[in-house]
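Contents: one structure, followed by commentary.
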């Protein structure tokens, strides 16, 4: 039986305050606190690359778990902002961590839905090949592609990384997954000419329309009811998006987590950064996770305490 054993993370110390940009973008305290919910965004050092942030997340994981590099059988990195186009960032990370040469390494090019997709992928890959220990990294430093003069993106996205230890000694196992894609609308969140562009209204409308039905489906196929779920961990697109999903689905607000205030939307790392804390709350027996965004794509599941 495979599942999540532990999670480590790294959020850079650099910050850009959104309050310092109120005049520049014509925004108010209310907009910062109630709409985006992000007081400041985290910012990596210029010399840091994607693999460097992953190394620091791994170092955080090693504080919690004594991992023997020779025991790691698969290493996956979810990113759309790699160190280089070639080679894959997982290979660079493999070398930096001195993992066994017998370890499988590959990247997954997905954004905000990437963590939930990757949980299904790594579980399937490990089961198919009789593996017992794997590392799932997420890291998408959008500071590489953010236009600091773009109100739609620069106020929201922060840098961060996470690593999830998947093993046969899990704290949480996986339920069934739901997936979806609305590819015809891919241009609503796109990097062109090296800069990120987002149609915020279109992305919000997509989320508000599609996700409530998908989350209801995820609950149904896992044979449970909403009242049995202890925490709902949504991708941290913005506070307004999380609040809207909470209201449209009719969830108790105290069961829905928003924690992006002090570092922003960390893309594929937003869910594992929350889970890093929530998996240690023994009251959380069932946690629903749902990622959505770039693609436009989405994925949801329920993880269960062992």
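The values are calculated or read from the model by the stated rules, or taken from the named source; none is laboratory data. This structure is a prediction, so every number in the text was calculated from the model and none was measured. Using ideal geometry, Cβ is built from the backbone for each residue, glycine included, and neighbour counts are taken over all protein chains shown.
Worth a mention:
Quick grid of which residues meet (1) in contact (Cβ under 8 Å) with a residue 40 or more places away in the chain; (2) touching a strand residue (DSSP E or B) at 6+ places or on another chain (Cβ under 8 Å); (3) outside the structural domain of residue 163 (by TED's automatic domain parsing):
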{"position": "25", "(1), (2), (3)": "yes, no, no"}
{"position": "50", "(1), (2), (3)": "yes, yes, no"}
{"position": "88", "(1), (2), (3)": "no, yes, no"}
{"position": "107", "(1), (2), (3)": "no, yes, no"}
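- Look at (1) without any contact (Cβ under 8 Å) to a residue 60 or more places away in the chain; (2) assigned to a helix (DSSP H, G or I) and you find that residue 58 fails only one, number (1).
- Qualifying position, being surrounded by fewer than 21 Cβ atoms within 10 Å (Cβ to Cβ), free of Cβ contacts under 8 Å to residues at least 60 places away in the same chain and either farther than 17 Å from residue 7 by Cβ or under 22 Å from the mean Cα position of the chain (by Cα) (or both), among 120, 124: 124
- Scope the stretch 9-24; condition part of a strand (DSSP E or B) and surrounded by fewer than 20 Cβ atoms within 10 Å (Cβ to Cβ); matching residues: 14, 15, 16, 17
- Of the residues 36, 11, the single one that is closer than 28 Å to residue 242 by Cα, touching a strand residue (DSSP E or B) at 6+ places or on another chain (Cβ under 6 Å), in contact (Cβ under 8 Å) with a residue 12 or more places away in the chain and not assigned by TED's automatic domain parsing to the domain that holds residue 276 is 11.
- Candidates 6, 33, 40, filtered to the one that is surrounded by 12 or more Cβ atoms within 10 Å (Cβ to Cβ) and within 30 Å of residue 125 (Cα to Cα): 6
- Residues being surrounded by fewer than 20 Cβ atoms within 10 Å (Cβ to Cβ) and touching a helix residue (DSSP H, G or I) at 6+ places or on another chain (Cβ under 6 Å) - total across the stretch 44-54: 0
- Positions within the stretch 61-79 being in a loop (DSSP other than H, G, I, E, B) and in contact (Cβ under 8 Å) with a residue 60 or more places away in the chain, in sequence order: 65, 67, 72, 73, 79
- Any chance residue 27 is in contact with a helix residue (DSSP H, G or I) (Cβ under 9 Å, 6 or more places away or on another chain) and assigned to a loop (DSSP other than H, G, I, E, B): yes
- So residue 274, is it in contact with a strand residue (DSSP E or B) (Cβ under 8 Å, 6 or more places away or on another chain), free of Cβ contacts under 8 Å to residues at least 60 places away in the same chain, surrounded by 23 or more Cβ atoms within 10 Å (Cβ to Cβ) and within 22 Å of residue 50 (Cβ to Cβ): yes
- Against the list (1) on the phi < 0 side of the Ramachandran plot; (2) modelled with pLDDT under 95, the condition residue 295 fails is (1).
- Hits in the stretch 55-79 (condition: in contact with a helix residue (DSSP H, G or I) (Cβ under 9 Å, 6 or more places away or on another chain) and at pLDDT below 95): 67, 69
- The condition of being more than 16 Å from the chain's Cα centre (by Cα), crowded, with 17+ Cβ neighbours inside 10 Å and in contact (Cβ under 8 Å) with a residue 24 or more places away in the chain holds for only one of 218, 260, that being 218.
- Restricting the search to strands (runs of 3 or more DSSP E) fully inside the stretch 177-272 and requiring at least 3 residues that are touching a helix residue (DSSP H, G or I) at 6+ places or on another chain (Cβ under 7 Å) gives 231-234.
- So residue 82, is it assigned to a loop (DSSP other than H, G, I, E, B), touching a helix residue (DSSP H, G or I) at 6+ places or on another chain (Cβ under 9 Å) and at pLDDT 95 or above: yes
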